[in-house]
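What follows is a single structure, written as structure tokens, with notes after it.
The values are calculated or read from the model by the stated rules, or taken from the named source; none is laboratory data. This is a predicted model, so every value here is computed, not measured. Glycine gets a Cβ as well: all are built from the backbone with ideal geometry, and neighbour counts include every protein chain shown. To get the accessible areas, we keep the full protein, side chains included, count just its heavy atoms, and leave off ligands, DNA and RNA. Shrake-Rupley method; radii C 1.70, N 1.55, O 1.52, S 1.80 Å.
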Amino acid sequence: MKVRTFSQSLPLQRINQRDIAERAGVSISTVSRVLNNVPGISPELRHHVMGIATELGYYDSASTARLEHIGLFTTTFNPGSDLDTFNTDILQGVEGECRQHDIQLSYSILEENKTGTAFMLKKIRERQVEGALLISVNEREIVEQLLNLNIPTALINVDQSDLPVDTFLPDNFGGGLQATRHLIAQGHRHILHITKPTTVNRRTLYRRNEGYRSALQEADIPFDPRLVIECPLGVEHVQNTLRDLLTSGEILFTAIFCANDASAIGAMRALQEAGLRVPEDVSVIGFDDIPTASLLTPSLTTMRVDCKEMGLLATRRLIDRYHRPEATPARVEIATQLISRQSVGAAPTAERS
């Protein structure tokens, strides 16, 4: 909100909700609720805040109040890396929407521990950001504290389904289901799934695992826990893990569903090292559709996620949440799209029969 006051001794001055909140000794969210005439504010507090707003030169509050500063927080961010474009694509959507509405955007990378939580809350208090976007920040405590501070918040690629907060994420279950169905349609019945350890707090990835298991069930293929490999999803981690598995010769499979594209690249490297052909001997499908996926040999079949759209929609909802803090929390799952390339083929004849 841009409001100007006129003074003989001062130039035109920009007054915003942060100024009112600091002078009144309340949160920016409280100021927003008062200026937008939202129910639930005591008459005494409303009178106090409006008095400060008037003193500072505020006017026409209901029609001019707007979100001015968003803080974006994430735990993983490697701009320039083709293997980590998920968050950078989300950021493009967020930045584009912020430019449309003349909103300042600042972002921080957090450590995944209590130090990171304290750092984020400290930055929010110091900068007095008026809204928070959390990308891939899975710590429940952070979300709870933001809600307790009455900071308008939206989660991106985070699954905290039991908390009353706006959430935007891929359709991870549907994507896992469709990816596995695609392999089954090619005649594969022994399908390896590579995912993160269940001890890691990533509900989003576990939903992809649930989609994998559901596809097996509907095709009357018995679930074999030995065909679920849990390890870090980086290229080298997966390559080393699958190399050891292939060397042992204990588990037979003709296809691999990987929880992301980086792990699919690691899997393809391990298969090629072992003298196996993709897709003639083993088919591979990934998830996310990073730019490198189409450049591999063979090119990678994968599930595409429109991360830019996800960031854009989350930002729009945060702007709306700022003006309507009482609105019912929304949960939006962005549909995934199967991108069929060269890394998936028909199962070997013995497997099909």
Checklist entry - Among the numbered criteria (1) modelled with pLDDT under 95; (2) open to solvent by 70 Å² or more (accessible area, probe 1.4 Å), which single criterion is violated by GLY249? => result (2)
Next on the checklist: Here is a list: VAL143, VAL137, VAL129. Which entry is open to solvent by less than 20 Å² (accessible area, probe 1.4 Å) and either of a type in the set (Lys, Arg) or at pLDDT below 85 (or both)?
Outcome noted: VAL129
Checklist entry - Within the stretch 230-244, which residues are at pLDDT 95 or above and aliphatic (A, V, I, L, M)? => result VAL238, LEU242
Item to check | Sole exception among (1) over 20 Å from the mean Cα position of the chain (by Cα); (2) open to solvent by 50 Å² or more (accessible area, probe 1.4 Å) for ARG331, by number | outcome: (1)
Next on the checklist: Regarding the stretch 88-109, can at least one residue be identified that is at pLDDT below 85, touching a strand residue (DSSP E or B) at 6+ places or on another chain (Cβ under 9 Å) and in a loop (DSSP other than H, G, I, E, B)?
Outcome noted: no
Checklist entry - Any residue at all in the stretch 211-219 that is among the polar types (S, T, N, Q) and open to solvent by 50 Å² or more (accessible area, probe 1.4 Å)? => result yes
Item to check | Residue within the stretch 283-301 that is closer than 20 Å to VAL158 by Cα, polar (S, T, N, Q) and open to solvent by less than 60 Å² (accessible area, probe 1.4 Å) present | outcome: no
Next on the checklist: Just to check your reading of the model, which residue among ILE156, ILE124 is of a type in the set (A, V, I, L, M) and at pLDDT 85 or above?
Outcome noted: ILE156
